[in-house]
Amino acid sequence: MKNLKLAGPRPDGARSVIEVGGVRIGEGLVVIAGPCSVETEEQTVRTAVAVKAAGAQMLRGGAFKPRTSPYAFQGLGLKGLKILEKARRETGLPIVTEVVDTRDVSWVGEYADVLQIGARNMQNFSLLREVGRSGKPVLLKRGMHSTLEEWLNCAEYIMAEGNGEVLLCERGIRTFEEYTRNTLDLSMVPAVRAESHLPIIVDPSHGTGMLGMIEPMSLAAVAAGADGLEIEVHVDPKSALSDKDQQLTPDAFARLMDKVRRLKAFMADLR
Ligand code: PEP
Ligand code: MN
């Protein structure tokens with residue numbers, strides 16, 4: 001892809017490893033797990049403790065929620081970031097959290113270890129430039145209507161500001177299929193590995209929106225060569241204020257993690 005000066009493949013073919021709070025992304029498999037939204041301290045800390053016990057290396061949780069309706073729960077904002085900080089203190093897990101507004105980037109960066117750019121903001125170029133100047137690692141989700149080339153150019157926007165710490169996240173695209181929430185495009189895993197040196201993470205939660213599909217699609221992502229997974233987990237999914245139909249219980253997540261570990265061990269033998 002001709003316009004990529006920074007996000008495209010390196011001449012020596014080396015892949016980037018991005019270190020966040022002692023976790024190395026781009027080597028082995030990194031699992032980011034946690035609730036869709038930060039709702040209460042108890043919900044977030046209990047979920048964090050549970051996902052850590054199951055083997056997750058990073059905690060996710062939204063304090064700013066990009067919702068389809070302006071009347072739906074929008075997130076706790078600063079209060080949510082303080083809860084995430086508490087969860088990090090209790091578990092040691094680095095925090096991945098979304099920022100939706102250029103005006104918030106610098107202060108959200110004081111709480112976050114990784115700034116997430118959501119699918120709906122993938123081509124918000126002023127936000128991309130701002131997180132590029134933040135000095136924080138960025139997890140850039142693929143826009144639901146975006147091509148690989150558009151997505152990698154958005155990584156380029158961040159990198160052109162001097163920030164090379166970008167993680168790409170496939171989270172499903174809109175197609176004519178209505179059975180699943182989105183169509184999880186796992187072909188992007190080898191595609192990103194061919195066209196970029198940046199790590200590729202897969203989000204099967206938003207990618208399918210269906211509880212029963214999260215485990216099989218996680219395993220498929222690992223088999224395809226993903227560097228990581230981002231999975232929604234909630235201590236009590238039916239009470240969740242957002243995405244209640246796609247959040248795993250801690251027990252289901254622990255079962256998934258066990259299978260992921262066994263698959264990784266099997267794959268090590270394949271190479
Ligand atoms: C999220 O991960 O919290 C989220 C809103 O996802 P997406 O931007 O992929 O819809
Ligand atoms: Mn969600």
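Under Stokes-Einstein, with the Kirkwood radius over Cα pairs as Rh, the value for the range 188-237 at 37 °C and 0.692 mPa s is 286 µm²/s. Summed over the residues of the range 1-153 and divided among them, the accessible surface reaches 43 Å² per residue at a probe radius of 1.4 Å.
Computed over the Cα atoms of the range 84-191, the ratio of the radius of gyration to the Kirkwood radius (Rg/Rh) comes to 1.00.
Here the relative contact order of the chain, from alpha carbon pairs under 8 Å that lie six or more residues apart, stands at 21 percent. Relative contact order for the range 184-269: 28 percent, from Cα pairs under 8 Å spaced at least 6 residues apart, divided by residue count.
Computed over the range 102-160, the P(r) curve from all C-alpha pair distances, binned at 5 Å from the origin, holds 4, 22, 34, 24, 12, 4, 1 percent per bin.
Each DSSP beta bridge with both residues in the chain is either parallel or antiparallel, and the antiparallel ones are about 15%. Rolling a 1.4 angstrom probe over the chain with all protein chains present gives an accessible area of which 51% lies on carbon and sulfur atoms. Comparing ASP245, ASP12, ASP113 in a Gaussian network model of the chain where C-alpha atoms under 10 Å apart are linked, the largest mean-square fluctuation is found at ASP12. In terms of the mean number of neighbouring beta-carbon atoms within 10 Å, the peptides 5-11, 61-67, 207-213 order highest first as 61-67, 207-213, 5-11.
Ordering 141-149, 228-236 by mean Cβ neighbour count within 10 Å, with the highest value first, yields 228-236, 141-149. Which of rounded, prolate, oblate describes the range 2-66, given a ≥ b ≥ c as roots of the alpha-carbon gyration tensor eigenvalues and a/c under 1.5 marking rounded, otherwise prolate only if a/b is larger than b/c? Since a/c reaches 1.5 but b/c is at least a/b, the shape of the range 2-66 is classed as oblate. Volume per residue for the chain equals 121 cubic angstrom (convex hull of Cα atoms). Largest accessible area first, the listed residues ASP251, ASP258 line up as ASP251, ASP258 when surface is computed with a 1.4 Å probe on the assembled protein chains.
Averaging the sequence gap over all C-alpha pairs within less than 8 Å and six or more residues apart, then dividing by the number of residues, gives the range 1-152 a relative contact order of 18 percent.
Residue pairs exceeding 28 angstrom between C-alpha atoms, taken from LYS82/LYS259; LYS52/LYS244; LYS5/LYS264; LYS79/LYS141; LYS65/LYS238: LYS82/LYS259; LYS5/LYS264. Computed packing ranks the peptides 26-35, 77-86, 197-206, 128-137 as 197-206, 26-35, 128-137, 77-86, most packed first, by mean other Cβ atoms within 10 Å.
The values are calculated or read from the model by the stated rules, or taken from the named source; none is laboratory data. Here the structure is a predicted model, which is why all the values come from computation and not from measurement. All Cβ positions, even for glycine, are placed from backbone atoms using ideal geometry, and neighbour counts span all protein chains on display. Accessible surface is based on the protein model in full, side chains and every heavy atom, while ligands, DNA and RNA are left aside. Shrake-Rupley method; radii C 1.70, N 1.55, O 1.52, S 1.80 Å.
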